[in-house]
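The values are calculated or read from the model by the stated rules, or taken from the named source; none is laboratory data. Only a predicted model underlies this, so the values are computations on that prediction, with no experimental measurement involved. Cβ placement follows ideal geometry from the backbone for every residue including glycine, while neighbour counts extend to all protein chains displayed.
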Amino acid sequence: MEMRKSRVLEIMKKGGVARCIKLNLFDPKIVEIAGMCGFDAVWLDMEHVPTDWNTLENGVRAGKIFNTDVIVRVEKGSYSDYIRPLEMDAAGIIIPHLMSLEEARYIVQTTRFHPLGKRPIDGGNTDGAYCRIGLLDYMKQANENRVVCVQIEDVEPLPELEEIARLDGIDMILFGPGDFSQSLGKPGEWDDPELLKTRERVAEVCRKYGKFPATVGSPESYSTLVNMGYQFINIGADVVGLMDYFKTLLDACPAQTE
């Protein structure tokens, strides 16, 4: 028996670009709608969204209906905070605010099985088909078919960026422009030269060491990011879509006053 393969990994390994949408509204129905529309991945967030584990698990199930990967941005915490979404059969995890090479090594150690790391073994959850996948096959398939992504959104890890990208066990490096602009002391200045330079550098370093570069963008910046080499791009968010839709409705139906 085999684990479900990551749609995102298969797309990126073939040189393609995976399109993702971030969901702040944690209803599995929204995951299902995104999958139905054809998104390659849905980004569910635990760093900023006060969700619970049961809702997350149902979101993962909803994504699988349409073979849509669910990528979970985890809370910074213990190893169990990192591996629990994987045991729910999420296709991958994003660890925010990577600060050093030492931390990256810890992440590999705790999220990858032997020989890459020493992730605690269970196999009795969804990802291991409730023990139907043999132990060694389970460990091998989990190492091969689940995405471990670290997020570069601070200036501190930049001197060690190449060493981080060399690490076996890290698949993807995600550049986060929002917090990075704040780290530069220039929040919201998206055209700052240092921010633009770092965005290009992350893509270049990933290509150099065989990692997949990821970032956030928009329909307007999508082509630019693809041409830069990015292969995983979050192109929108549910709350933005709903806000725009609601405003469009009200603009088309102005309030009637006496």
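Within the stretch 218-234, count every residue that is assigned to a loop (DSSP other than H, G, I, E, B) and closer than 10 Å to R19 by Cα.
Final tally of qualifying residues: 1.
So, of the residues in the stretch 186-227 that are of a type in the set (A, V, I, L, M, F, W, C) and touching a residue at least 24 places away in the same chain (Cβ under 8 Å), which turns out to be surrounded by the fewest Cβ atoms within 10 Å (Cβ to Cβ)?
Per the stated criteria, the residue is V226.
State which residue pairs qualify: first residue at pLDDT 95 or above and inside the stretch 31-42, second residue surrounded by fewer than 20 Cβ atoms within 10 Å (Cβ to Cβ) and outside any helix (DSSP H, G or I) in any location, beta carbons under 7 Å apart, and separation of 6 or more residues or different chains.
G35/F66; M36/F66; F39/R19; D40/R19
Conditions (1) of a type in the set (V, I, T); (2) in contact (Cβ under 8 Å) with a residue 24 or more places away in the chain, marked per residue:
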position	(1), (2)
V72	yes, yes
I95	yes, yes
K118	no, no
I121	yes, no
G128	no, yes
A142	no, yes
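Among residues belonging to the stretch 50-85 that are aromatic (F, W, Y) and more than 16 Å from the chain's Cα centre (by Cα), point out the one that is surrounded by the fewest Cβ atoms within 10 Å (Cβ to Cβ).
Ranking the qualifying residues of the stretch 50-85, first place goes to W53.
Of the residues V42, V31, V8, only one is touching a Leu at 6+ places or on another chain (Cβ under 7 Å), of a type outside the set (D, E, K, R) and part of a helix (DSSP H, G or I); which?
V31 is the lone residue from the list that is touching a Leu at 6+ places or on another chain (Cβ under 7 Å), of a type outside the set (D, E, K, R) and part of a helix (DSSP H, G or I).
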